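Peer 1: Submitted below is the structure of interest, expressed as structure tokens.
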């Protein structure tokens, strides 16, 4: 090797394609701490740091082999004591002898390396700032996507609510239609009720007129029977007298039925007039009892009357007597031999404004299913025990209507087989 | 070639800068290693082009490839590079392939062959290593700090914009004089891509893929290769079924460049033997 190379201020090394070092100048051996003999023949990797060895094998050697030269390559050398020395390397490969030799000049970089370190650090900082920015951007994008999907979700929910609202509107309209229909039916029913009422009043009017028309010939029949019995038209045989008796009884029966019908009709038409006065309950009962005593005696019943004279009502006495007669007749009619009929009365213990009269019997009693219906017109308890009983079935209906017409009421209690009790309440004479 | 070419034929040819030549029919597919491009094969392909159809290419990011096709996620592992090989194989409809891979391309070739073993007849692996970092009792040759030293070295050289590492400039088809100038710039590579490739290469561990190899292989182990030490070659030979190990006289990591004659001779010898696993 040219001795002048030893004087150069930079390192010099030459090696073959197999990497074996052929020459090293004194500048390089001195810097690395080797003797020249320790390096000649050894692979050039000997003076390279490990990272540089890979770099040499993968980059520098292929480049020099293909390109013939390389310029300003940074390499880390490794001194004998392990010190790492940064150098810039220029290399040229050219034929020499039977093969090729690569001549390599190495210039140590100290100041430049500091600048490079600063540049590298700045580059790394810029890269990590860029990465942070990217990850922040990605974060924001994710947040944005999330907001978008939430927004979409809200839109879907809103759509759902709108669907429900329109469904409710449809249902509301259906309900309105249904309601309109119900109102319409209600009005229709009201019209029908009014019409039925009018028809019923017409019927009652007809019955009132007819009853009146029927009573006139019946009275004539009764009158003429009496005249015949009195012998006005000649003497009457026993057989004729018996026949006249039967005609008379039938006439009376018919007349009673017609009177009942007439009363009901009058009440329904609203033509009943009440002549109200203060009357003692005891007197009212006393007036009626004689009318049923013959039947009580005939049936062998026990009658008990217990009405204090102090109980005073404001009523139409004739109407009250009619009610009491009806109640007592029923009690007698439906009570078997040996039974009893009890009449009690007085101030109503549950009301400051009412008095009461109760008619109880120990008769057949009324089935509970019928108890509610006995006050309806034309109702009779239909079983073998009552079939023979006479009457229109209007008595209780008329009685309740009369009681209510005076501001009172008529109610019934009964136990089948043990008897019945009818309670008539009436307005009390509070001034008394 | 007929009109019934693979739909991606033109795209892959352009993307991976594929070059085909030779008078034979059986394809020899050459895959370059980390740090260079298809130019590294120029010293040995002349010896095969009379008998075989030579197929050269550059991985995306290297040499004359289309840098715009680079996808950091895809090429973050060697699987992405294996996909490049299979893309070329599929687009060119190659079969009975003799695959020649250097350095990291050995393992990339193994990954590709494991995916489509039917396409490959033999694998010729130059300076292969399944794992560069030592992991006792496994000897890979490097500690993690060594790899970091390499990455630092690369960073520094990219700062200086040394001419050989200048990024591949776009190809300019209507200005061929520019193209010629570029082909003169061997082993050009994009600095960011090169750094990612270095990490994918030197941090990879493909030991588990070796036992699955069903294609017969030739392992060319250099003497005194500090990148792939002899223990690594022996490990590969033990693990890979149907492998033939040849330790070369050539030293260093690039015998096809430092000693093309021995490299060609060993490959021809191997190809002359029956292809059985």
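The values are calculated or read from the model by the stated rules, or taken from the named source; none is laboratory data. Just so it is clear, the model here is predicted, and its values are computed rather than measured. Here the Cβ is made from the backbone with ideal geometry for all residues, glycine too, and neighbour counts use every protein chain on show.
Peer 1: Among the residues of region B:144-161, what is the count of those that are under 18 Å from residue A:112 (Cα atoms) and either at pLDDT 75 or above or crowded, with 20+ Cβ neighbours inside 10 Å (or both)?
Peer 2: Residues meeting the conditions: 7.
Peer 1: Going through region B:56-72 one residue at a time, which ones are modelled with pLDDT of 90 or more and out of contact with any helix residue (DSSP H, G or I) (no Cβ under 7 Å at 6 or more places or on another chain)?
Peer 2: Listed by number, the list holds a single entry, B:71.
Peer 1: Right, next: Taking region A:8-22, which residues are in contact with a helix residue (DSSP H, G or I) (Cβ under 8 Å, 6 or more places away or on another chain) and outside any loop (DSSP other than H, G, I, E, B)?
Peer 2: Those that are in contact with a helix residue (DSSP H, G or I) (Cβ under 8 Å, 6 or more places away or on another chain) and outside any loop (DSSP other than H, G, I, E, B): A:11, A:12, A:13, A:15, A:20, A:21.
Peer 1: Return the total of residues in region A:48-97 being at the interface with chain B (Cβ under 7 Å from one of its Cβ atoms), in a strand (DSSP E or B) and modelled with pLDDT of 90 or more.
Peer 2: Going through region A:48-97 one residue at a time, the tally reaches 1.
Peer 1: Are any residues in region B:251-269 more than 7 Å from chain A (Cβ to nearest Cβ) and free of Cβ contacts under 8 Å to residues at least 60 places away in the same chain, and if so, which ones?
Peer 2: B:259, B:261, B:262, B:265, B:266, B:269
Peer 1: Within 28 Å of residue A:267 (Cβ to Cβ) and at pLDDT 90 or above: is that true of residue A:315 in this structure?
Peer 2: yes
Peer 1: Report whether or not residue A:127 is over 30 Å from residue A:28 (Cβ atoms) and at pLDDT 90 or above.
Peer 2: In short, no.
Peer 1: Which residue out of A:301, A:244 is farther than 21 Å from residue A:423 by Cα and crowded, with 16+ Cβ neighbours inside 10 Å?
Peer 2: Going through A:301, A:244 in turn, just one is farther than 21 Å from residue A:423 by Cα and crowded, with 16+ Cβ neighbours inside 10 Å: A:244.
Peer 1: Residues in region B:217-231 that are away from chain A (no Cβ under 14 Å) and in contact (Cβ under 8 Å) with a residue 60 or more places away in the chain: how many?
Peer 2: Qualifying residue count, region B:217-231: 6.
Peer 1: Another question, if that's okay. Could we say that residue A:237 is surrounded by fewer than 11 Cβ atoms within 10 Å (Cβ to Cβ), more than 30 Å from residue A:407 (Cβ to Cβ) and at pLDDT below 85 here?
Peer 2: No, not satisfied.
Peer 1: Of the residues that sit in region B:218-253 and are part of a loop (DSSP other than H, G, I, E, B) and in contact with a helix residue (DSSP H, G or I) (Cβ under 6 Å, 6 or more places away or on another chain), which one is modelled with the highest pLDDT?
Peer 2: Top of the filtered list is B:240.
Peer 1: Now for a different question. Let me confirm something: among A:232, A:272, which residue is without any contact (Cβ under 8 Å) to a residue 12 or more places away in the chain and not in a helix (DSSP H, G or I)?
Peer 2: Every option except A:232 fails the conditions.
Peer 1: Does residue A:261 satisfy the criteria of being touching a residue at least 12 places away in the same chain (Cβ under 8 Å), closer than 30 Å to residue A:226 by Cβ and not in a strand (DSSP E or B)?
Peer 2: yes
Peer 1: Might you let me know whether region A:33-47 holds any residue that is in contact with a strand residue (DSSP E or B) (Cβ under 7 Å, 6 or more places away or on another chain), surrounded by 22 or more Cβ atoms within 10 Å (Cβ to Cβ), closer than 15 Å to residue B:253 by Cα and within 13 Å of chain B (Cβ to nearest Cβ)?
Peer 2: yes
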